[in-house]
1. Taking θ as phi - 60°, what are the ³J(HN,Hα) couplings along segment 13-18 by the Karplus curve (6.51, -1.76, 1.60), each to the nearest whole Hz, with x for Gly and Pro?
2. Quick one: dipole size for the chain, taken about the Cα centre, charges +1 on Lys/Arg Cβ and -1 on Asp/Glu Cβ, in debye to the nearest 20.
3. With a 1.4 Å probe and all protein chains kept in place, how much accessible area does Ile106 have, in Å² rounded to the nearest 10?
4. Pick from Gly78, Gly60, Gly11 the residue whose mean-square fluctuation is largest in a GNM of the chain, springs joining Cα atoms under 10 Å.
5. Please give the helix 70-81 orientation as an angle from the longest Cα principal axis of the chain, in degrees from 0 to 90, rounded to the nearest 10.
6. Round to the nearest 10 and give me the degree value, 0 to 90, for the angle of helix 38-47's Cα axis relative to the longest principal axis of the chain.
7. I'd like to check one number: the per residue accessible area of the chain, probe 1.4 Å, reported in Å² as a whole number.
8. Once amide H atoms are placed 1.01 Å from N in the peptide plane, what residues at a sequence separation of 5 or more from Ala31, or on another chain, have their amide H within under 5 Å of its amide H?
Amino acid sequence: MRPAPPADWDGAVEVFERVGKALPRLAKVWADSAYRVDALATWVRASTRWVLEVVLQRPGQTTSEVQKWRWIVERTFGWFGRYRRLSKDYEHNPASSEAWIYITAIHRMSRWMLPDRNRDDHLLKRPKRKRKLKS
């Protein structure tokens, strides 16, 4: 018999321990309802200065609805999926996968910093002069 895999919130604790000192300005962490575990909330209160906010479904909800803040994460994963190296799990080394995520995030952010392109700019350019061939 194989041991049960670790719970999601066990992974969250490991991520929080790794990221804690690297992100000094982090103040709030949003979590899915799968992380609604008293042990995780207790650990966050005891070990960090962050506020853990678990985003729950609306009471009485029967259909699928966009959850508060979740669309930001889903949209970002959708953007990352457009990059060939991140569309499938091609990498054998987790550090390589992490590097590609950083590269993709840098590319996305640098594209946002570009000014909007005017699609009519080509109409303002003078057409190139045709040279007369000397015979």
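The values are calculated or read from the model by the stated rules, or taken from the named source; none is laboratory data. Given the structure is predicted, the values throughout are model-derived calculations rather than measurements. Reconstructed Cβ throughout: ideal geometry from the backbone, glycine too, with neighbour counts over all protein chains shown. Protein only, heavy atoms only, side chains kept; ligands, DNA and RNA dropped before computing areas. Shrake-Rupley method; radii C 1.70, N 1.55, O 1.52, S 1.80 Å.
1. Coupling constants for segment 13-18: 4, 5, 5, 4, 5, 6 Hz.
2. Working: 28 positive and 15 negative charges, 410 e Å.
Around 1960 debye, computed over the chain.
3. Roughly 110 Å² of Ile106 is accessible to a 1.4 Å probe.
4. Its mean-square fluctuation being the largest, the pick is Gly60.
5. Roughly 50 degrees between the two axes.
6. 80 degrees
7. Numbers: 12690 Å² over 135 residues.
Counting only protein heavy atoms, the per-residue value for the chain is 94 Å².
8. Glu53, Val54, Val55
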